[in-house]
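Here is the structure we will look at, set down as structure tokens.
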Amino acid sequence: MSEVRSVVDRDDLLSQRIREQWSSQLGRRLDILIAGCGWPEPLDLAETESRVIGIDEDLPVLRTSTSARKDLDSWALGDLRSVPVPPRAFDIVYVSFLLERIEHAELVLDRLLTGLRPGGLLLVRMRDRASAYGACDRLAPSRLRRAVWRRFAPAGTVGPLPAVYEQIASREGMHSFCLVRGLMVTEDISASSGSALRGPLGKLARAACSVVEALSRGSRPASHDEITMVIRKPQSHFARLI
């Protein structure tokens, strides 16, 4: 069952799950893959020993933001369908605001899962295509998004990034993906963190989302725009090999 939490509560939850994963390994170093490392929002890795690898698409704005990060031990940008992901090499795969902005998202996520060890955690944060904010983002023409980005987004925010929003970039889509692959969704959280909502024209952005919610008769809610999921890859040898 999903629940709505504040951004602070969500970050605390992810930090707690990471520490629990590290503790369960009796102090062995955590190997972490961040897919979507161009989104400059690092994990809280306090009280853990970790090695962090980042991958993302090769776009100029993402190259700039990735090269400025200090929390990555190494990183690579390119086509995520072919960027090397060593099999069963990571204890945690963190997918950070990536699935909504790439094509072939299921294929990419399957490749990332090959790099996750049995018993490892898949942490997903994504913009929800089924939310009012997601509807506005994906339906706005690219030229319009580029033209108004600086007016709506807070200073220093990375973007505008592509708005693809395949079906997997939704709660229903992710749950279906996990069900087919034998993955366990242990937490499912909604929050509100959209750049336009936090920018100088946030009131206008929230009003637009409310209009979309009303016109859709509630099927495109304005109460949240982000989904965070904690997903575990099972240890069972009888689970589908991915």
- Task: Compute the length gained on full extension between SER142 and LEU59: take 0.36 nm times their separation in residues and subtract their Cα-Cα distance, giving the result in nm to one decimal.
- Result: 28.3 nm
- Message: Please compute the modelled spin-label separation between SER176 and THR114, points set 7 Å along Cα→Cβ, answer in nm with one decimal.
- Response: 2.4
- Message: So with the 1.4 Å probe, I'd like the accessible area per residue for the chain, rounded to whole Å².
- Response: 49
- Classify the chain as rounded, prolate or oblate, taking a ≥ b ≥ c as the square roots of the eigenvalues of its Cα gyration tensor: rounded when a/c is under 1.5, otherwise prolate if a/b is larger than b/c and oblate if not. prolate
- Message: Whole angstrom only: what separates the Cα centroid of segment 156-209 from the Cα centroid of segment 79-133?
- Response: 14
- Rg(Cα) of segment 167-210 divided by 2.2 N^0.38 Å? 1.63
- Message: For the chain, take the longest principal axis of its alpha carbons; what is the angle in degrees between that and the long axis of helix 7-24, to the nearest 10 within 0 to 90?
- Response: 10
- Query: So how tilted is helix 142-152 from the main axis of the chain? Cα-based, degrees 0 to 90, rounded to 10.
  - Reply: 90
- Shape call for segment 35-91, from the Cα gyration tensor axes a ≥ b ≥ c (a/c under 1.5 means rounded, otherwise prolate when a/b beats b/c, else oblate), comes out oblate
- Message: Residues of segment 169-197 with backbone nitrogen within less than 17 Å of a virtual label 7 Å along the Cα-to-Cβ line of TRP149, please, listed as ranges.
- Response: 194-197
- Item | Rounded if a/c under 1.5, otherwise prolate or oblate - segment 166-242, Cα gyration tensor axes | prolate
- Note on the structure: On the accessible surface of the chain, probed at 1.4 Å with all protein chains in place, carbon and sulfur together account for a percent value of 55
- Which of GLU47, GLU106, GLU187 moves most in a GNM of the chain, Cα contacts under 10 Å? GLU47
- Query: Under a GNM of the chain (C-alpha, springs under 10 Å), which listed residue has the highest mean-square fluctuation: SER219, SER210, SER131?
  - Reply: SER219
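The values are calculated or read from the model by the stated rules, or taken from the named source; none is laboratory data. As the structure is a computational prediction, the values presented were derived from the model and not from experiment. Every residue, glycine as well, gets a Cβ built from its backbone with ideal geometry; the counts of neighbours run over all protein chains shown. For accessibility, only protein heavy atoms count, side chains too; no ligands or nucleic acids. Shrake-Rupley method; radii C 1.70, N 1.55, O 1.52, S 1.80 Å.
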